[in-house]
């Protein structure tokens, strides 16, 4: 009996995510339960990959050039999250998610977000903040 072609074998296997590629990478150093909680929350309240996108943008701000942190062009902010012109909206989204997640998952994500917050505060000496645990980002970025 001749062997079947690999394409014939793969034809019967269903595509897992509908053929759609991820826009943003998954958040590293999170447990599977926390990732599942975040995905569930994104599906019910927001849109797919909303939290991983906000985390990716916030991490890019923390690790990117200093000119991204404090920009003199603050008049172009439109308060639309999808636009991306106001980076504090990404942090607002992460804060909403931290309050909506179950306790253990929120603690895991909060550790990563606070690490990024402290990196941003350490790099930008112009940002006024009492501590990294208070809402310091509105109007500062």
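The numbers here are math on the coordinates, done by the rules we state, and not lab data. Remember, predicted model here, so these are calculated numbers, not experimental data. Don't worry about glycine lacking a Cβ; one is built from the backbone with ideal geometry, like all the others, and counts go over all protein chains shown.
Points to keep in mind about this one:
- Using a simple spin-label model with pseudo-atoms 7 Å out from Cα toward Cβ, residue 104 and residue 122 lie 3.0 nm apart.
- Additional length obtainable on full extension of the chain from residue 5 to residue 36, 0.36 nm per residue less Cα span: 7.6 nm
- Residue 96-residue 111 pseudo-label distance in nm [points 7 Å out on the Cα-to-Cβ vector]: 2.7
- Additional length obtainable on full extension of the chain from residue 63 to residue 21, 0.36 nm per residue less Cα span: 12.7 nm
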